[in-house]
Amino acid sequence: MVGVAFGMARYAYGLTLPSVREELGLSELALGLIASATFAGYLAGLLLAGRIAARHGSRAPTTVGGTCGVLGAVIVAFAQSPGLLAVGVVLAGSAGGWVWAAYSDIVTRVVPVRQQPRALAIITTGTSGGLVLLGGLAVLALAGSWRLVWGGIALAAATAALVNLRLVPRTRSAPRPDRQGGASSLAAALWVPIGYSVVYFAVVVIYFTYAADVVDRGTLPAAVVPVLYSAIGLTGMVGVATGSLVQRVGSLRVAALCLGTVGAALALLGLASDSLTATIASACIFGIGYMMGSAVLAVWTAELVPERAGAAFTICLVVGAFSSVAAPALAGAMIPGLGLGPLLILTSVTSLLSGVALMLHGSSRRVVAGGTEP
């Protein structure tokens, strides 16, 4: 389910963007707004999942997410107008929001404590598996039409939804969240991870939205696109080692390194997109920064607010979702005047400088604390 919702339905729009532009005749601004709409759907799912779980149990949001993935992909596959396309990508994009926190809750309820970290790591890396499958589906776009990619996603989502219903146990309604201290106190404790979320989710969505478009505008063959997505998925498998790395160097340093890694990937994509070696290297570097950057956020928030880890994580995800909504729309408005290559470089610089600022913040905190890592 996570592989379909995050690795496929949420990012397939960027993969098929060049063909969608050509067939439906959409402007850069319209493409950017639709990309933002996919993450608006994700945000809606994220905000509503808790309410559904509270009434019907933790498996209910995953069922809704699977249904949205199927319906959204089918609508996109048959869309003949920008409006219908937008409806489909919003539904498909919402799938990730429905399933993200739900599986974490299910694991804590039905998996033995000693096996929970491993289970959560495997579930998280489902995104990488989904990206590998998405790269395989991209071959269909080369052989036929971009609509075949979305048809394949619909089949994958239907299969995952059925497996979810068959194998994931029902759980009782989730307890109402403890509101002691309120969201404001959580935000005060989480202001550094929140700042990280703003930058991380924005730069990641820019990469996913425009990576295929960069290849399409350059001199590389279209067959590079499936390889690009598969490379991201394969290298992203290292995300399972995030917990061990955090124990060695700390969450803040890992987060800073992830921003630097994603920034380097964006720079390679923007500066050397006509080089096959540089483009594949960019995808491999990005896969590492993307998956570890996502995993470290869950670990980091749990460290800072262990008694309300779920709520803390959700706050950062919601902030990141707003950032994901704004970034493609802003990029779509800037590309006509600035150009896609310079936009990627600007995004790269933002990510790199944010990583440096985060590292410097960690160093200053250690000095104040007498050498103790916060």
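When region 249-282 is limited to residues that are open to solvent by less than 20 Å² (accessible area, probe 1.4 Å) and among the hydroxyl-bearing types (Ser, Thr, Tyr), the one that is nearest to the chain's Cα centre (by Cα) turns out to be SER282.
When region 107-128 is filtered for residues that are closer than 17 Å to GLY3 by Cα, assigned to a helix (DSSP H, G or I) and either in contact with a His (Cβ under 8 Å, 6 or more places away or on another chain) or modelled with pLDDT of 75 or more (or both), the ones remaining, listed by number, are VAL107, ILE122, ILE123, THR124, GLY126, THR127, SER128.
Number of residues in region 156-172 that are surrounded by 15 or more Cβ atoms within 10 Å (Cβ to Cβ) and of a type outside the set (Ser, Thr, Tyr) equals 7. Among the residues of region 283-306, the ones that are surrounded by fewer than 19 Cβ atoms within 10 Å (Cβ to Cβ) and free of Cβ contacts under 8 Å to residues at least 40 places away in the same chain come to 2 in all.
All of GLY332, GLY362, GLY310 fail the test of being in a helix (DSSP H, G or I), in contact with an Asp or Glu (Cβ under 8 Å, 6 or more places away or on another chain), under 24 Å from SER128 (Cβ atoms) and at pLDDT below 90, apart from GLY310.
Listed here are the residues, each with its yes/no results for (1) in a helix (DSSP H, G or I); (2) open to solvent by less than 20 Å² (accessible area, probe 1.4 Å); (3) more than 21 Å from GLY320 (Cβ to Cβ); (4) in contact with a strand residue (DSSP E or B) (Cβ under 9 Å, 6 or more places away or on another chain).
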site	(1), (2), (3), (4)
GLY69	yes, yes, no, no
GLY83	yes, no, yes, no
VAL90	yes, no, no, no
GLY130	yes, yes, no, no
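The sole residue among ALA77, ALA54 that is surrounded by fewer than 20 Cβ atoms within 10 Å (Cβ to Cβ), touching a helix residue (DSSP H, G or I) at 6+ places or on another chain (Cβ under 8 Å) and touching a residue at least 60 places away in the same chain (Cβ under 8 Å) is ALA77. Scanning region 235-267 for residues that are modelled with pLDDT under 90 and either out of contact with any helix residue (DSSP H, G or I) (no Cβ under 6 Å at 6 or more places or on another chain) or under 17 Å from TYR13 (Cα atoms) (or both) gives ALA241, GLY243, SER244, GLN247, ARG248, VAL249, GLY250. Among the residues of region 9-31, just one is surrounded by 23 or more Cβ atoms within 10 Å (Cβ to Cβ) and either without any contact (Cβ under 8 Å) to a residue 40 or more places away in the chain or farther than 23 Å from VAL132 by Cα (or both), namely LEU31.
Conditions (1) part of a helix (DSSP H, G or I); (2) of a type in the set (D, E, K, R); (3) at pLDDT 85 or above, marked per residue:
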site: VAL203; (1), (2), (3): yes, no, yes
site: THR209; (1), (2), (3): yes, no, no
site: ALA212; (1), (2), (3): yes, no, no
site: THR219; (1), (2), (3): no, no, no
site: TYR229; (1), (2), (3): yes, no, no
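Of the numbered criteria (1) in contact with a Leu (Cβ under 7 Å, 6 or more places away or on another chain); (2) at pLDDT below 90, the one SER275 fails is (1).
The values are calculated or read from the model by the stated rules, or taken from the named source; none is laboratory data. Fair warning: this is a prediction, and the values are worked out from it, not measured in the lab. Note that we place each Cβ from the backbone using ideal geometry, even for glycine, and neighbour counts take in every protein chain shown. Surface accessibility is based on the protein's heavy atoms, side chains included, excluding ligands, DNA and RNA. Shrake-Rupley method; radii C 1.70, N 1.55, O 1.52, S 1.80 Å.
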